[in-house]
Every structure is written in C-alpha cells, then in structure tokens.
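Everything below concerns the one structure shown next.
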Amino acid sequence: MPTLRIPTPLRPYTSGQSEVAVQGSNVAQAMNDLIVRYPDLKPHLYNGEGSLRPFVNLFLGEDNIKDLQGIETPLEVEDRLLLIPSVAGGC
Amino acid sequence: MLPNLSHIEIMRYSRHLLIPEVGLEGQRKLKAAAVLVIGTGGLGSPVAMYLAAAGVGSIGLVDYDVVDFSNLQRQVIHGTSGIGALKVESARQRMLDINPGIQVDCYNEPFTSENAMRIARDYDILIDGTDNFPTRYLSNDVCVFLGKPNVYGSIYRFDGQVSVFDAQRGPCYRCLFPEPPPPGLVPSCAEGGVLGVLPGTIGTLQATEALKLILGIGDPLIGRLMLYNALDMSFEFVKLRKNPNCKVCGPEPEITELIDYEAFCGVPGHDHEEGSVGGNWDISATELAERINKGNPIRLVDVREPHEQDISHIDGAELFPLGLLAGRLSELDSAEEMVVFCKAGTRSARALDLLVGAGFRKVKNLKGGINAWAREVDPSQPIY
C-alpha cells in the first residue's frame, strides 16, 4: 500500500503515528481512506466544501501533486506521499 | 568596490580565507553585505550570532519583545542576566562581543506594513525568523516587492523547514502557501512547545544559506524546501515551483502593495492583549476564585494536552484537549456555567469560539490561562 507521512502537528490525530499506510489507486482515494481511518484529521485537511485546504501541500516523492495531476495523480503500491503543513513557529 | 580587510580582520577570518570558495574576496563580500534578521528568538539567535562571527558587515535586528525566563531554553543569544532587557539590545551586545568590527542596527518595533519597506530597503537579504503567519507573509511580500531573497525557516516541536524564497529566481512563500491556515488550526511554539536545540539546527542552516547567497557559492535552496525531523533524524527535500497564479509574484499579481496582514491571516493585531477574548467573554483568575469560593457551581474545562496536567492543574477541572473538543461537545451542557482555560489563554479563546459557535452562552475564558491562576490565586502551581 502507498504510505503517507504525517507531520508532527497532525500526529495527535493519527494516534501519534508518523507514517500511515493508505489504500487507493490515486491521491484522492488515498486521502479518503486516511480520513476514514482517522476522522479527527478531516477538519484539519478539508474545508466545509470537502476540498483540500489551500495551505495543505501534498507531495508525491519530490513533486507537489499540484504539479502532477492534482488529487487525480495515480499512486503505485510503493509510493510515499508527504503532507507538508504551514508552520509559523520560529520563537 | 569591496572594502579592504585590516590585519586584525585577516587574522580573525583566517579560517575563512583558507577556503578557496571564500578567500579574501569572499570575506570582503561578507564585510560589504547587509542582512536583516526578523525576530531575535529561537531562529534569530543562531542566525545573528553566526552572521556576526562570519563578519557580515551590517546586520539589522527587528524585534519588539523583552527577554523572558522561558526564552532561555533555546534563545542562546540571550542570557539570564538579560532577563527583562529588550531582545534587540540583548542580542546586539552578544553579537558585538563576538565581533566588535561589525555594525548592528536595532529596530525595537513590530515589523509591520507601515515600517517594513523602510527598514528592509537597505539590506541585501532578509532572514525570516518570526513566529507568526502575518509577519511571514509580510516578509515574503516585502522581499518580492524589493527583489530580495527571503531565507525562510520555521519550527515546531521536532520538525523544521528551510528554504530560500527569491521570486526573481524561483518561487516565493505564497507560491507554496497561497493562504494561511485558519487561526488556531496550526499551533505555535508557545502553545505546542519546541525542542530547544531545534531552532539551533534550523537557524544555522538559514545562516549557511545567507552566507552562500552573499558569497555567490554553492547551490542555494531556491526552488527546494528542506524538511527536518529531529526524532527520525531525517532531512528530506521537495521541489518547489513558481505558481503561475501566485497573487504576489505571478505574471498578473493581484497584490501589488503591502496589505493588512493581521486581517489577511485572521488574527488580532500587535496591540491585542494576549490570552484574552475581549468583551464580556473573559474572566480573571481572581474573579474565578471568588466565584468558586462563594460556592457557585462552575464547570472547569481544561483544553490543554494531557501531559500539561502534570505541570499544573486546577482542582476539579476536566480535560478536553482543544483538538478533540469539537467531537466531545455532547459531554458538555450549555445550561451550565463553564470556564475554559489553557496555559495562557490562547487555546481557550479558540475553545470559547468553538463553544459559542455551537450555541453555548454561559461560557467564559480564563484570561491569561492557568499561568494567571498560578500568579494570582494559587502560587503552589508553577508557571510555564
């Protein structure tokens, strides 16, 4: 199954897991699977209309899925998605 | 025309002069350079010290805070003797102790749309070491408008990000993050904590990138974002591309001058009193204690994380961590008097918003959080 890396700020919603396996043949399916498994993540990743929030960046390997085929980007079994959030801290 | 180096300077920088990529000319470039460091906290500490030590001729410091005891776990430019001092002055003293041959200019003021262009204009590079989204978007836009590189770093707990945003040569911060997260969704270091050494790791990488840019050597992090995790000890890199629809650096920008960044990010301005909601929604620790002592039934809702209860607690309080509160509203009764609290009042203000949005009206925010309770009511509890 493809895996998805969870950044520290969102790990409280994945029982502390830093990397989770997700099912799906494209990014949209994998993300759906993620929020079915971890429903508390949903408000952090999706807006009220059900689309990914603009500050949430998903990378497949080194590439932003926005530069690929967006949420329709196909996934292979060994693929690894990176979830990159906005982080403000510097203090 | 680059400035010359004195014999003393040649001795001081000899380890640089021995590196062919730096050499005498590179050191003269460093002496001629001017770098603005925004924030003299966790990230700004190593950045400012290493740039001073490296001989960057002119360094500007922007910060309007004073040194606090809780800063010293990571803000290594400041010391215990500096508690209460202006951060920019405390930092300046340390930098001039490291290297009296440089110029350090202090801007003891918030970095705002009103002063940012004036302050930044005379510097070659900006280093973003701030701790909030409005200043990050402001720093980005200033750099885009002035055509300067923005050496970006951010930290949270064990995670760090570093990049160089230079709209003339690659993407800007807005290309990656067109909009900030809604207030409260992403915790700050002050709320979520940060491993003390993390800003050291990320700040020294920012300083490294700044030196490379000045020297014109190596491969800067333009168009790349570095992600660091201290627990995994992992460094990962992703590619960043210029967003053709970027509102500030795209071919048809919507934003052509500095805006109101607090409004853009939906957060209160610099004059906002920390830890309070305003209006009649706040209750002071003293007033809460009086009401409890009079026997008023008040449900105390602690919205901190479970491990924070080990640090301090209020007797009788129930734990509803903020991130889980929305899913546990059925455990609360809107007919009951309720006071929500956290460490200092920021998270509980968000909890109050959530509760009021869900129809709760008899709820108040403990102004200043449990730290105010420890100060005003129960000195047996520590302040953290």
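Below are the figures for this structure:
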item: Members of the range B:157-187 found to be farther than 23 Å from B:Glu262 by Cα, surrounded by fewer than 23 Cβ atoms within 10 Å (Cβ to Cβ) and within 7 Å of chain A (Cβ to nearest Cβ), listed by number; result: B:Arg157, B:Phe158
item: Test: residue in the range B:81-99 that is assigned to a helix (DSSP H, G or I), among the hydroxyl-bearing types (Ser, Thr, Tyr) and at pLDDT 95 or above; result: yes
item: Only one of B:Thr286, B:Thr346 that is of a type in the set (Ser, Thr, Tyr) and farther than 30 Å from B:Cys175 by Cβ; result: B:Thr286
item: Output for the range B:64-84, where each listed residue is out of contact with any His (no Cβ under 8 Å at 6 or more places or on another chain), farther than 17 Å from B:Cys189 by Cβ and surrounded by fewer than 19 Cβ atoms within 10 Å (Cβ to Cβ); result: B:Val66, B:Gly79, B:Thr80, B:Ser81, B:Ile83, B:Gly84
item: Scan of the range B:135-152 for residues that are within 14 Å of chain A (Cβ to nearest Cβ) and not in a strand (DSSP E or B), ordered by number; result: B:Thr135, B:Arg136, B:Tyr137, B:Leu138, B:Ser139, B:Asn140
item: The one condition in (1) among the aromatic types (Phe, Trp, Tyr); (2) under 24 Å from the mean Cα position of the chain (by Cα); (3) modelled with pLDDT of 95 or more that B:Tyr384 fails to fulfil; result: (3)
item: Considering residues of the range B:245-273 that are over 29 Å from B:Leu205 (Cβ atoms) and within 13 Å of chain A (Cβ to nearest Cβ) only, the residue surrounded by the most Cβ atoms within 10 Å (Cβ to Cβ); result: B:Gly266
item: Hey, B:Leu205 more than 14 Å from chain A (Cβ to nearest Cβ), in a helix (DSSP H, G or I), surrounded by fewer than 24 Cβ atoms within 10 Å (Cβ to Cβ) and at pLDDT 95 or above or not; result: no
item: Condition check for B:Ile155: assigned to a helix (DSSP H, G or I) and either over 19 Å from B:Pro199 (Cα atoms) or among the aliphatic types (A, V, I, L, M) (or both); result: no
item: Residue ID - surrounded by the most Cβ atoms within 10 Å (Cβ to Cβ), chosen from residues in the range B:188-202 that are in a loop (DSSP other than H, G, I, E, B) and hydrophobic (A, V, I, L, M, F, W, C); result: B:Leu195
item: Test set (1) closer than 30 Å to B:Ala190 by Cα; (2) in contact with a helix residue (DSSP H, G or I) (Cβ under 9 Å, 6 or more places away or on another chain); (3) away from chain A (no Cβ under 14 Å); (4) aliphatic (A, V, I, L, M) - B:Ala91 fails condition number; result: (3)
item: One residue from B:Pro178, B:Pro220, B:Pro253 being closer than 22 Å to B:Phe111 by Cα and not in a strand (DSSP E or B); result: B:Pro178
item: Top-ranked residue of the range B:102-134 - restricted to ones that are hydroxyl-bearing (Ser, Thr, Tyr) and either part of a loop (DSSP other than H, G, I, E, B) or modelled with pLDDT under 95 (or both), ranked as surrounded by the fewest Cβ atoms within 10 Å (Cβ to Cβ); result: B:Ser113
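The values are calculated or read from the model by the stated rules, or taken from the named source; none is laboratory data. Since the model is a prediction, treat every value here as computed from it, not as a measurement. Every residue, glycine as well, gets a Cβ built from its backbone with ideal geometry; the counts of neighbours run over all protein chains shown.
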